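Reading through the structure tokens given below for one structure.
The values are calculated or read from the model by the stated rules, or taken from the named source; none is laboratory data. Remember, it's a predicted structure, so these values are computed and weren't measured experimentally. Heads up, the Cβs are rebuilt from the backbone with ideal geometry, glycines too, and the neighbour counts pull from every protein chain shown.
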Amino acid sequence: MITQEFSGKTVLITGASKGIGRSIALAFLERGAFVIAAARPSKELDDLSNILAERGEIWAEDVTTESFLGRIKGLNTLDFLINNTGINFPEALVNVSDEHLDKMLNLNVRSTFRISREGVKQMSSGGCVINVTSQMGHIGSPNRTAYCMTKHAIEGLTKAMAVELAPKNIRVNSVAPTFIKTDMTSEWLSDAKFVEFIRSMMPLGKIGQPEDVASAVIYLCSDGAKMVTGHSLIIDGGWTAQ
């Protein structure tokens, strides 16, 4: 992997308190970036604040709110925006309630669009936007119809933003992980039959870690990817290659 130091650069990461978002925040911190870690208030976010210290700051905010967008507008500059919030309610199509549908559309799609719209305004010298989507943004899956719909939407948004913003030297890509071992997936991954199934679907035969996604994000933000935009880097152990 090609990496570089991000000293003097500012990154905003949503959903940063734990799991994939936390790993991304720490990866940028290790490379010298000033890290703005955003998430709803939690003990995990407080712990991350202690790690960041003067090398970053915490935004204990709901990313769907006007106040969160206001904080983005108040930034003097922004180099990297990592859209990492999302929610899923695995259930059959006929059982998806309007409440669950609206929550997924609001957080997975609407908030990503609105945050991106404000974030790129602060990238006066160019920058990078990374949308954390899912392999479900490339395939279909039972009991995940609404989730697949929202992630396909963000894959489309990624491509459209990449084309529109290229003249401003803003690159836009996505990373699309499979099931990654996090707190959110712990219930599913505690089911031995489910783990056996997903391993059987991946030629590499192993469960991904948050650091695997963080490494992909770092690459896409680095000069090693300076000609990469509008791309989705699928992190799925070969699942969708079959």
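Can you name the condition, by its number, that LYS73 falls short on among (1) closer than 19 Å to THR158 by Cβ; (2) at pLDDT 95 or above?
(1)
Give the residue, chosen from LYS168, LYS159, LYS151, that is farther than 20 Å from THR85 by Cα and modelled with pLDDT of 95 or more.
None of the other options fit; the residue is LYS168.
Kindly list the number of the only condition in (1) within 29 Å of ALA146 (Cα to Cα); (2) surrounded by fewer than 14 Cβ atoms within 10 Å (Cβ to Cβ) that fails for LYS18.
Evaluating LYS18 over (1) within 29 Å of ALA146 (Cα to Cα); (2) surrounded by fewer than 14 Cβ atoms within 10 Å (Cβ to Cβ) leaves (2) as the failure.
Check ALA60 against each of (1) in contact with a Pro (Cβ under 7 Å, 6 or more places away or on another chain); (2) loosely packed, with under 12 Cβ neighbours inside 10 Å and name the one condition it does not meet.
(2)
Write out, first by first residue and then by second, each pair whose Cβ atoms fall under 8 Å of each other, whose residues are 6+ apart or on separate chains, and whose first residue, in region 36-63, is more than 18 Å from ILE82 (Cα to Cα) while the second is part of a helix (DSSP H, G or I).
Matching pairs, first to second residue: GLU44/ARG22; ILE51/LEU26; ILE51/LEU29.
If you go through region 120-133 one residue at a time, do you hit one that is in a helix (DSSP H, G or I) and charged (D, E, K, R)?
For region 120-133, residues in a helix (DSSP H, G or I) and charged (D, E, K, R): present.
Does at least one position in region 166-173 carry a residue that is out of contact with any strand residue (DSSP E or B) (no Cβ under 8 Å at 6 or more places or on another chain) and within 18 Å of ILE198 (Cα to Cα)?
no
Quickly run through region 87-127 and pick out the residues that are under 16 Å from the mean Cα position of the chain (by Cα) and under 19 Å from PRO177 (Cα atoms).
ILE87, ASN88, MET104, LEU107, ASN108, VAL109, THR112, listed by residue number.
Taking interchain pairs and intrachain pairs at least six residues apart, which have beta carbon atoms under 8 angstrom, with the first residue in region 79-93 and free of Cβ contacts under 8 Å to residues at least 24 places away in the same chain and the second not in a loop (DSSP other than H, G, I, E, B)?
Cβ pairs passing all conditions: ILE87/LYS103; ILE87/MET104; ILE87/LEU107; ILE87/ASN108.
Restricting attention to region 129-150, report how many residues are under 17 Å from MET201 (Cα atoms), over 16 Å from the mean Cα position of the chain (by Cα) and not polar (S, T, N, Q).
Of the residues in that region, 4 qualify.
Quick check: anything in region 181-193 of a type in the set (A, V, I, L, M) and modelled with pLDDT of 95 or more?
The answer is no, given that none of the residues of region 181-193 is of a type in the set (A, V, I, L, M) and modelled with pLDDT of 95 or more.
Filter region 112-128 down to residues that are among the polar types (S, T, N, Q) and surrounded by 15 or more Cβ atoms within 10 Å (Cβ to Cβ), then give me how many there are.
3
Can you list the helices (runs of 4 or more DSSP H) found entirely within region 145-242 that contain at least 1 residues being in contact with a Phe, Trp or Tyr (Cβ under 6 Å, 6 or more places away or on another chain)?
Fully inside region 145-242 and qualifying: 186-189, 192-201, 210-221.
Test each condition in (1) assigned to a loop (DSSP other than H, G, I, E, B); (2) surrounded by 14 or more Cβ atoms within 10 Å (Cβ to Cβ) for VAL109 and report the one that comes out false.
(1)
Could you identify the single residue in LYS206, LYS193, LYS168 that is more than 19 Å from the chain's Cα centre (by Cα) and closer than 21 Å to GLY126 by Cα?
The unique qualifying residue is LYS168.
Does GLU187 fit the bill of being surrounded by 15 or more Cβ atoms within 10 Å (Cβ to Cβ) and either touching a Cys at 6+ places or on another chain (Cβ under 7 Å) or closer than 23 Å to ILE87 by Cα (or both)?
Spelling it out, it is not the case that GLU187 is surrounded by 15 or more Cβ atoms within 10 Å (Cβ to Cβ) and either touching a Cys at 6+ places or on another chain (Cβ under 7 Å) or closer than 23 Å to ILE87 by Cα (or both).
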